[in-house]
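Here the structure is laid out as structure tokens; the discussion comes afterwards.
Read-outs throughout are calculated quantities, based only on the coordinates presented, and are distinct from any laboratory measurement. Not measured: the values here are computed from a predicted model. When we count neighbours, we look across all protein chains shown, and the Cβ atoms used for this are built from the backbone with ideal geometry, even at glycine.
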Amino acid sequence: KRVEAFACELAARIRVWAKEGGKTLCEVIGPAEAPLSKVKNLYRWHCLIRSDSVRNLRQMLKTSQEYVAYTKTPVQFAVDVDPVNSI
């Protein structure tokens, strides 16, 4: 439940951060339980962030990482740029 709650919270915050001047800079899909939802006794959730602009994606990544560090959550956060699959 902790991982699910944090994934939903972070996705909601990214949606807010992605709004600038009435336009959406990035699209957030998810979060959802990962296809392999538990690996090495760790639960996994994921979301996909899409944008036409690499600059906007980098800004969302930086802001997200800063937020995760600020919250000092025990939930692990990982980023996969250009994922080949969603496993």
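Quick look at the numbers
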quantity	calculated
Members of the range 36-87 that are out of contact with any Cys (no Cβ under 8 Å at 6 or more places or on another chain), of a type in the set (A, V, I, L, M), closer than 12 Å to residue 14 by Cα and in a strand (DSSP E or B)	48
Residue satisfying all of: in the range 1-39; loosely packed, with under 12 Cβ neighbours inside 10 Å and either in contact (Cβ under 8 Å) with a residue 12 or more places away in the chain or within 13 Å of residue 78 (Cβ to Cβ) (or both); farthest from the chain's Cα centre (by Cα) among these	39
Qualifying position, being of a type in the set (Asp, Glu) and under 11 Å from the mean Cα position of the chain (by Cα), among 80, 52	80
Whichever residue in the range 50-78 is within 23 Å of residue 1 (Cβ to Cβ) and of a type in the set (A, V, I, L, M, F, W, C) and, among such residues, is surrounded by the most Cβ atoms within 10 Å (Cβ to Cβ)	75
